[in-house]
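Student: Take this structure, written in structure tokens, and hold onto it; I'll ask about it next.
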Amino acid sequence: MRADQLGGLLARHPDRLERDPVGNVVLRGELLAWSPSPAGLQAAAAAGLAVAREQDYPELGQRLVVFRVQEEKGQAIAGMLEMLRTADPDGVYDFNHLFTRSGTQAGASGGPASRLAAGPVRVGLVDSGVDRSHAVFEDVEIRHWGCGGAQRPAPHGTAVAALMVGRSAHFSGAAPGGSLYAADVYCDEPTGGSVDRIVGALAWLAREQVGVVNISLVGPGNGALAGAVKAMVGRGHLLVAAVGNDGPAAPPLYPASYPGVVGVSGVDRRGEPLPEAGRGSQVMFAAPGSHMVSAVPGSPPYRQVRGTSYAAPIVAGLLARQLPRPDRDAAPRAVEALVRDATGGKAGNISNATGHGVVGSAVRVDPARLR
């Protein structure tokens, strides 16, 4: 499914997207430099690479530069990347990879909402847009980043957000009524989900001092994203990420597979691992990922959802109850507390399918409850 989604984007927007040498979809003609050295900048200038945009991120202690490869002058993007890496072997240079959402929506069912007071939990989201007008967010404080300030609600971002902080008469997320810091990195654009946008979103969440951040996005390893993740983990943030739905034999996906990230897989209503979910040492927990509903824009207001995308926010919401702000000492304690709450795991034995075990089973809202 992810391959089909990316292939469709590439077919519709060949002027803005292309594939890297191993087949991953990237923004056409763009290379990323993560805090490039003077030698790297000199090499780029000598090769005629233009700086498309750049941004300092003091919250992460780094700077991101996006170079534009000028194809009309015969510059080949793969060759330019190799040149930069050779000129600055200690630097971090990479393509501007495109990341995709890790879940699906299916059949639908609706139900009424009620007014409830907001709670003290703070949690971050890097995803697509959230429908702030949905009843489950009636008393939820939502702060927005991205899209030039425009609101562009999307089904995926809305469903993921609801599983963290949403609540109504018949629906409750893992941290109902908490404050949501929502970064939209898609904005209904074909280049949405690019690494430079994700890095910018993480920097904003670091600046806002949000302790736990959910990232239900997947893609290949990328040097700039790895640098941003390392900086946030080192400052005491907990990053929670879906491990993806490419199947148990698929190679690890990122950012879930980076060190320090809480990778989350999904289980069905019987507690069995989803057959499409990724497996491996990157899996730290599993949570409900099928036979469940979440909020979506429009009518009906709830739909069935499936995938690790919807398991990850449950774990993020549970952790956010323990870590409202980044804290290097408190972050591991929050994870340890969740390990103690996990079911189905064996002491000292971490499963490559469910990690330490299953958490958040009570958050699952069965479709039958909303009929």
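Student: I'd like the residue in the range 2-28 that is of a type in the set (Gly, Ala, Ser) and within 15 Å of Gly219 (Cβ to Cβ) and, out of all such residues, is surrounded by the fewest Cβ atoms within 10 Å (Cβ to Cβ).
Tutor: Gly23
Student: Next question. Exactly one of (1) part of a strand (DSSP E or B); (2) in contact with an Asp or Glu (Cβ under 8 Å, 6 or more places away or on another chain); (3) of a type outside the set (S, T, N, Q); (4) modelled with pLDDT under 95 is unmet by Ala108. Its number?
Tutor: The number of the failed condition is (2).
Student: Another one. Out of (1) surrounded by 19 or more Cβ atoms within 10 Å (Cβ to Cβ); (2) part of a loop (DSSP other than H, G, I, E, B), the odd one out for Pro251 is which?
Tutor: Condition not satisfied by Pro251: (1).
Student: Any chance the range 197-208 includes a residue that's modelled with pLDDT of 95 or more, assigned to a loop (DSSP other than H, G, I, E, B) and in the same structural domain as Gly129 (by TED's automatic domain parsing)?
Tutor: Yes, the range 197-208 has at least one match.
Student: Now for a separate question. All but one of (1) acidic (Asp, Glu); (2) part of a strand (DSSP E or B); (3) farther than 28 Å from Ala206 by Cα hold for Glu30, so report the exception by its number.
Tutor: Among (1) acidic (Asp, Glu); (2) part of a strand (DSSP E or B); (3) farther than 28 Å from Ala206 by Cα, the lone unmet condition for Glu30 is (3).
Student: Mind listing whichever residues of the range 235-248 are at positive phi and surrounded by fewer than 24 Cβ atoms within 10 Å (Cβ to Cβ)?
Tutor: If the condition is that a residue be at positive phi and surrounded by fewer than 24 Cβ atoms within 10 Å (Cβ to Cβ), then Gly236, Gly247 are the ones that fit.
Student: Here is a follow-up. Being over 13 Å from Arg68 (Cβ atoms) and either out of contact with any helix residue (DSSP H, G or I) (no Cβ under 9 Å at 6 or more places or on another chain) or basic (Lys, Arg) (or both) is the filter here; which residues of the range 10-22 pass it?
Tutor: If the condition is that a residue be over 13 Å from Arg68 (Cβ atoms) and either out of contact with any helix residue (DSSP H, G or I) (no Cβ under 9 Å at 6 or more places or on another chain) or basic (Lys, Arg) (or both), then Leu10, Ala11, Arg12, His13, Pro14, Asp15, Arg19, Val22 are the ones that fit.
Student: Name the residues in the range 220-234 that are more than 17 Å from Glu30 (Cα to Cα) and either among the aliphatic types (A, V, I, L, M) or buried (at least 24 other Cβ atoms within 10 Å of the Cβ) (or both), would you?
Tutor: Listed by number, the residues that qualify are Ala226, Ala228, Val229, Ala231, Met232, Val233.
Student: Failed condition for Arg53, given (1) at pLDDT 95 or above; (2) surrounded by fewer than 13 Cβ atoms within 10 Å (Cβ to Cβ); (3) part of a helix (DSSP H, G or I), with all others met?
Tutor: Looking at each condition in turn, Arg53 falls short on (3).
Student: Across the range 321-353, what is the total count of residues that are surrounded by fewer than 18 Cβ atoms within 10 Å (Cβ to Cβ) and either at positive phi or touching a helix residue (DSSP H, G or I) at 6+ places or on another chain (Cβ under 6 Å) (or both)?
Tutor: Qualifying residue count, the range 321-353: 2.
Student: State the number of residues belonging to the range 139-163 that are assigned to a loop (DSSP other than H, G, I, E, B) and buried (at least 20 other Cβ atoms within 10 Å of the Cβ).
Tutor: Number of matching residues: 3.
Student: Also, I was wondering about something else. How many of the residues making up the range 134-181 are of a type in the set (S, T, N, Q) and touching a strand residue (DSSP E or B) at 6+ places or on another chain (Cβ under 6 Å)? I'd like the intermediate steps shown before the answer.
Tutor: First pass over the range 134-181, keeping only residues of a type in the set (S, T, N, Q): 151, 158, 168, 172, 179.
Applying the additional criterion that residues be touching a strand residue (DSSP E or B) at 6+ places or on another chain (Cβ under 6 Å) yields 158, 179.
Number satisfying all stated conditions: 2.
Student: Then there is this: When you check Leu9 against the structure, is it of a type in the set (A, V, I, L, M), over 21 Å from Leu202 (Cβ atoms) and either assigned to a helix (DSSP H, G or I) or touching a residue at least 12 places away in the same chain (Cβ under 8 Å) (or both), yes or no?
Tutor: yes
Student: How about the range 117-136: which of its residues are surrounded by fewer than 24 Cβ atoms within 10 Å (Cβ to Cβ) and either of a type in the set (Gly, Ala, Ser) or without any contact (Cβ under 8 Å) to a residue 60 or more places away in the chain (or both)?
Tutor: Ala117, Ala118, Gly119, Arg132, Ser133, Ala135
Student: While we're here: Hydrophobic (A, V, I, L, M, F, W, C) and either in contact with a His (Cβ under 6 Å, 6 or more places away or on another chain) or surrounded by 23 or more Cβ atoms within 10 Å (Cβ to Cβ) (or both): is that true of Leu318 in this structure?
Tutor: For Leu318, the condition - hydrophobic (A, V, I, L, M, F, W, C) and either in contact with a His (Cβ under 6 Å, 6 or more places away or on another chain) or surrounded by 23 or more Cβ atoms within 10 Å (Cβ to Cβ) (or both) - is met.
Student: Do you know which of the residues in the range 354-371 that are closer than 17 Å to Gln304 by Cβ and more than 22 Å from the chain's Cα centre (by Cα) is surrounded by the most Cβ atoms within 10 Å (Cβ to Cβ)?
Tutor: In this case the residue turns out to be Val365.
Student: Right, next: Look through the range 164-195, keep the residues that are surrounded by fewer than 23 Cβ atoms within 10 Å (Cβ to Cβ) and among the acidic types (Asp, Glu), and return whichever of them is nearest to Asp366 (Cα to Cα).
Tutor: The qualifying residue nearest to Asp366 (Cα to Cα) is Asp188.
The values are calculated or read from the model by the stated rules, or taken from the named source; none is laboratory data. Because the structure is a prediction, the values reported are computed rather than measured. Neighbour counts are summed over all protein chains in view; Cβ atoms, including those assigned to glycine, are modelled from backbone coordinates with ideal geometry.
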